[in-house]
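**Q** I have a structure here, written as structure tokens, and I will follow up with some questions on it.
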Amino acid sequence: MQSLPSKIVILGTGGTLAGTATEPGDNVGYRAAQIGIAEIVARIPALAGVPIETEQVAQIDSKDMSYAIWRALAKRVAFHLGRDDVAGIVVTHGTDTLEESAYLLQRVLAPGKPVALTAAMRPANALQSDGPQNLVDAVCVARYAGAKGVVAVLAGRIHGAFEVRKLHTYRIDAFGSGDAGPIGVVQEGVLTLWRTWPECAALGLHVLARDTPPRVVTVMSHADADGGIVDALLAHGVDGIVVAGTGNGSLHHALEAALRRAQGEAGVAVLRCSRVACGPVLPTANDVFESAGSLTPAQARVELLLRLSL
Ligand code: SIN
């Protein structure tokens, strides 16, 4: 008889979850990515009986996330997902670019098994370190029968890869899912689910085949946004521009004119989202630039990068 897959693979990439502060009371002056994933797991008694394998894919402050690391991470996630003995994957990550990595992994792999990203807002030696509980919760989600797709597990909530966003710079409960709300919660190892797991067609790993990705840049509309930045980008070389507009994705007229030139004359792909933290960009009559829906500007940049890589 074939046994059910039970192993959880935890891929470490660094972040505050792996960070340490010189003074345990210092919640902002710490250094991210100091402790290896094997040691982090070994320090958590609640994970002692769980069949876990660890692998260090990167060790960075996630502000420094790169296309090269995304490529390496996606390949390792795909490799372990393909193993018959693996039930699910956990990825430890920094909070700062977690919504980008979650979005990228879901779009590229659309996994049929769970891939739970988790992180921490406080370093490992903080007075109120949230990393260990978040990691235990993420392992619970990765082991949950029927779970699938890329999710983020933070502060007891399970967020879908398409909706997850960092909404607070400091609070431990820093993440949300916008209007959609979380998929569910994990409390004392028990999952309560309100929505379905993330699903989409997988683009496939070949979308990350290029060594050098298309150059996609985000610009923002604001008072006096004169469009000079767009002209500078055109001079510098750019393949795609994500514009974070005001409100429902509206743009300063001068910035809009520059983007029209970029799209119409220089053939640059433009995707429009909002600089507002939550809510969609709804279509209006005579839209010139495609809407990124409810994606955050950072996620919209990943979306455009992937589209231009196809
Ligand atoms: C990071 O994103 O790596 C640092 C910040 C954090 O994890 O909260």
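The values are calculated or read from the model by the stated rules, or taken from the named source; none is laboratory data. None of the values given here were measured: they were computed from a predicted structure. No Cβ is skipped: glycine too gets one built from the backbone with ideal geometry, and neighbour counts run over all protein chains shown. For accessibility, only protein heavy atoms count, side chains too; no ligands or nucleic acids. Shrake-Rupley method; radii C 1.70, N 1.55, O 1.52, S 1.80 Å.
**Q** Look through the range 194-225, keep the residues that are in a strand (DSSP E or B) and open to solvent by less than 30 Å² (accessible area, probe 1.4 Å), and return whichever of them is farthest from residue 253 (Cα to Cα).
**A** So, considering only residues that are in a strand (DSSP E or B) and open to solvent by less than 30 Å² (accessible area, probe 1.4 Å), the one farthest from residue 253 (Cα to Cα) is 216.
**Q** For the range 101-123, which positions are more than 11 Å from the ligand (Cβ to nearest atom) and either assigned to a helix (DSSP H, G or I) or among the β-branched types (Val, Ile, Thr) (or both)?
**A** 102, 103, 104, 105, 106, 107, 108, 109, 115
**Q** Same structure again: From the residues in the range 33-58 that are open to solvent by less than 70 Å² (accessible area, probe 1.4 Å) and part of a strand (DSSP E or B), which one is nearest to the ligand (Cβ to nearest atom)?
**A** 58
**Q** Here is a follow-up. From the list 4, 11, which one is under 14 Å from residue 101 (Cβ atoms), touching a strand residue (DSSP E or B) at 6+ places or on another chain (Cβ under 8 Å) and of a type outside the set (S, T, N, Q)?
**A** 11
**Q** Here is a follow-up. Within the range 9-32, count every residue that is in a loop (DSSP other than H, G, I, E, B) and crowded, with 22+ Cβ neighbours inside 10 Å.
**A** 3
**Q** Would you kindly identify the helices (runs of 4 or more DSSP H) lying entirely within the range 228-310 that contain at least 1 residues that are closer than 23 Å to residue 70 by Cα and open to solvent by 30 Å² or more (accessible area, probe 1.4 Å)?
**A** 297-309
**Q** Could you tell me whether any residue of the range 18-36 is of a type outside the set (Gly, Ala, Ser) and closer than 30 Å to residue 207 by Cα?
**A** No; the residues of the range 18-36 include none that is of a type outside the set (Gly, Ala, Ser) and closer than 30 Å to residue 207 by Cα.
**Q** Next question. If you scan the range 156-193, which residues turn out to be among the hydroxyl-bearing types (Ser, Thr, Tyr), assigned to a loop (DSSP other than H, G, I, E, B) and open to solvent by 50 Å² or more (accessible area, probe 1.4 Å)?
**A** 169, 170
**Q** Let me ask another. Residue 239 is checked against (1) in contact with a Leu (Cβ under 9 Å, 6 or more places away or on another chain); (2) free of Cβ contacts under 8 Å to residues at least 60 places away in the same chain and fails just one. What number does that condition carry?
**A** It fails just one condition, (2).
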